[in-house]
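The structure appears below as structure tokens.
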Amino acid sequence: MSAKRIITVLGATGAQGGSVVRAIAADPTSGFTVRAVTRDRAKAEDLLAAGIEVVEADLDDEASLRRALDGAHGAFVVTNWWEPPAAGSAWTSRTEREQGQAANAARAAAATGLRHVIWSTLADTRSYLPDAPRQEAGYTVPHADGKAEANAFFLDAEVPTTFVTAPMYYESLFTFNAPRRTQDGTLVLAMPIGSARVVSGTVDDVGRIAYAIFNRGDALVGRTVPIASDLCSGEDFAAGVADALGEPVHYVPVDPAALAHSGMPDAGELANMFQYFVNAEKDLTQIDFNWLRDLNPGLQPFTTWASANRHRFRALDL
Ligand SMILES: NC(=O)c1ccc[n+]([C@@H]2O[C@H](COP(=O)([O-])OP(=O)(O)OC[C@H]3O[C@@H](n4cnc5c(N)ncnc54)[C@H](OP(=O)(O)O)[C@@H]3O)[C@@H](O)[C@H]2O)c1
């Protein structure tokens, strides 16, 4: 039997990378095996307990990335724009840091001769938001625009790369998009998306599609794959959550400008992101779900996922 080829997974202790690890590990017939990356092995106890190889590396440290990639066939690369900057860090912005990390990953992938990288990028929002207030470093949605620009590092380094864009996670309904109970006792789901349908998905589908992309060999190198499980409007989200909770949930479309002035951290960035979902809806929703289902037969429509995650909605403190 030939040895399994190694896929190094960045962000393995997080949502996207974790889902890639689970997708590969769940298939006992896989020709791949995972090398999971964390900055701190103590965070990877679950992975170690599951018998997964864990190595320490830091996206800020190219030499450590080279060690993590050495001998691997491929890598899943994700950066976390949202992580607060470390005290005393030299980066002038989170976008500059994210781009520096992507550049490090691309150089390390080229130096170690990887055959296939999946870079978790996002689309550039700027042409859809000509009049939106500029955010960090002059971008409209820095965590998206900066990733889109960073695609060039992988192309310039001639790394065989498939670009994937992750959807808005369904799982955000447990956190920043969670329903709230108003003073009169009703549950509301407030989102600044008007009547637009948003490219949405469970983070588990990110991993399953990434795994399928690795399985297709070179076929999808150079392509951008928009990962999605479903297209959901605010009404769709509210109906699925209501069904899961067993009580009515009312969708309330919020004005993105109100979010922008809410005072919450990164409010301007998030308001622009939601406005982009609305402005770009026609283009973003051109997704071939039959093709995605062919890659990932387990693709989870929102109603299926919400019903399967009933217990998690019911555990929310609402
Ligand atoms: N939330 C959404 O709906 C959504 C949608 C599309 C795209 N995204 C994008 O997803 C990205 C975040 O991915 P996620 O949701 O999987 O994040 P996450 O669950 O918060 O996990 C972050 C991961 O990144 C790793 N990491 C952070 N800094 C690192 C560094 N310097 N070196 C090595 N590893 C590092 C962490 O590993 P350790 O801590 O173990 O080292 C952790 O595994 C963001 O950039 C965001 O823009 C999010």
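Tabulated data
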{"quantity": "For the chain, the longest site-free run once trypsin sites (Lys or Arg not before Pro) in DSSP loop states with at most 15 other Cβ atoms within 10 Å are removed", "calculated": "224-318"}
{"quantity": "Length-normalised contact order of the chain in % [C-alpha pairs under 8 Å, at least 6 apart]", "calculated": "16"}
{"quantity": "Inter-probe distance in nm under a simple model that places probes 7 Å from Cα toward Cβ, at Thr175 and Glu96", "calculated": "2.6"}
{"quantity": "Residues with amide H under 5 Å from that of Val9, placed H, sequence gap 5 or more", "calculated": "Arg35, Ala36, Val37, Phe76"}
{"quantity": "Whichever aspartates and glutamates have a C-alpha closer than 12 Å to that of Lys43, once near sequence neighbours (fewer than 8 apart) are set aside", "calculated": "Glu56"}
{"quantity": "Whole-Hz couplings from phi, Karplus 6.51/-1.76/1.60, listed for the stretch 81-92; x for Gly and Pro", "calculated": "4, 6, 5, x, x, 5, 4, x, 5, 7, 5, 8"}
{"quantity": "Fraction of alpha-carbon pairs over 37 Å apart in the chain - percent", "calculated": "16"}
{"quantity": "Kirkwood Rh, angstrom, the stretch 6-50 [1 / mean 1/r, Cα pairs]", "calculated": "10.5"}
{"quantity": "Shape category assigned to the stretch 211-257 from the gyration tensor of Cα positions, a/c cut at 1.5", "calculated": "oblate"}
{"quantity": "Computed E for Glu56/Thr186 - FRET, C-beta separation, R0 45 angstrom, nearest 0.05", "calculated": "0.40"}
{"quantity": "Dipole-positive endmost among Phe313, Gly17, Asn215 within the chain (Cβ charges, Cα centre)", "calculated": "Asn215"}
{"quantity": "Charge-dipole axis of the chain as Lys and Arg at +1 and Asp and Glu at -1 on Cβ define it, positive-most pick from Ala137, Pro297, Val78", "calculated": "Pro297"}
{"quantity": "Nonlocal amide H pairs with Thr161, under 5 Å, H built at 1.01 Å", "calculated": "Val117, Gly222"}
{"quantity": "Accessible area expressed per residue, the chain, with surrounding protein chains retained (probe 1.4 Å, Å²)", "calculated": "45"}
{"quantity": "R0 of 45 Å, Cβ-Cβ distance Asn290-His311: FRET efficiency to nearest 0.05", "calculated": "0.90"}
{"quantity": "The stretch 5-314 - percent of accessible surface contributed by carbon and sulfur, probe 1.4 Å", "calculated": "51"}
{"quantity": "Table column - 3J(HN,Hα) (Hz), the stretch 255-267, Karplus curve with 6.51, -1.76, 1.60, x for Gly and Pro", "calculated": "6, x, 5, 5, 4, 4, 9, 6, x, 6, x, 6, 4"}
{"quantity": "Phi-based couplings in Hz for the stretch 65-76 (Karplus 6.51, -1.76, 1.60; Gly and Pro marked x)", "calculated": "5, 4, 5, 5, 9, 4, x, 7, 7, x, 8, 9"}
{"quantity": "Built amide H within the under 5 Å cut-off of Gln135, gap 5+", "calculated": "Thr140"}
{"quantity": "Lys, Arg +1 and Asp, Glu -1 on Cβ, resulting dipole of the stretch 5-314 about Cα centre, debye, nearest 20", "calculated": "520"}
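The values are calculated or read from the model by the stated rules, or taken from the named source; none is laboratory data. Nothing here was measured: the structure is a model prediction, and the numbers come from that model. Note: ideal-geometry Cβ built from the backbone for every residue, glycine included; neighbour counts use all protein chains shown. SASA here: full protein model, heavy atoms, side chains in, ligands and nucleic acids out. Shrake-Rupley method; radii C 1.70, N 1.55, O 1.52, S 1.80 Å.
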